[in-house]
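> Have a look at the structure that comes next, please.
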Amino acid sequence: MDVIDNGNGGRRCGFGTPGCRWARRGLGGRGTGGGEMTRAGRMLAQGDLKLIALALIADQPRHGYDIIKVIEEKTAGWYAPSPGVVYPTLTYLEEMGHVIAQPEGAKKLYVITDDGRDQLAGNRALADAVFERLAAFGEMMRQQNSNGGAAEGGDLPPLLRAALDNLREVAIRQIVKDADNEAELVAILARAAGELRKV
């Protein structure tokens, strides 16, 4: 598992860029494209998927599908890496000698090797940070869903409700893309609220 400097003094595992898919269920159950899987932004930074796949396999032997489901559960069902990215990632880890694949019927069960444990040990802090980011996103989405439906009520005009849903989705997408933007996003939303009070 090569480690490279990301240019900001931080360290990222240089595995390549994972793809992702998003489950757009609509916030508060009212968004457009309910259940549709669409591509949007990157939930995981370069190399993160390979690192957390290795960490999950270290916890217990897993199938590729298990890895997808664990990540999906951590994000409250709002994000899951696609099988087209997870299985090549597992193949890469196998080729690097970090995991071995044991045939189990039509599936493969991936088990970590000693080399894999050594690589994970050297990057444990980063793996933990990625898991924390996924969990924080899942918690944010759970709170957003529980707060959104109750606060808005059912008496809003459809166009206004759609505009609010769009604003919420864009804000969430931006904070997921870069958590350091939080202060700027809050300022933008506060300005928008101020403008609305003038109406």
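> Order of Ile112, Ile52, Ile100 from fewest to most other C-beta atoms within 10 Å?
Numbers: Ile112 22, Ile52 25, Ile100 16.
Exposure proxy ranking, most exposed first: Ile100, Ile112, Ile52.
> For Ala187 and Lys107, compute 0.36 nm times the residue count separating them, minus their Cα-Cα distance, and round to one decimal in nm.
23.8 nm
> Can you sort His98, His63 so the residue with the fewest Cβ neighbours within 10 Å comes first?
Final ranking by Cβ density, sparse to dense: His63, His98.
Bear in mind these aren't lab numbers, they're just calculated from the coordinates by the rules spelled out. What you see is a predicted model; the values in this text were computed from it and never measured. Glycine gets a Cβ as well: all are built from the backbone with ideal geometry, and neighbour counts include every protein chain shown.
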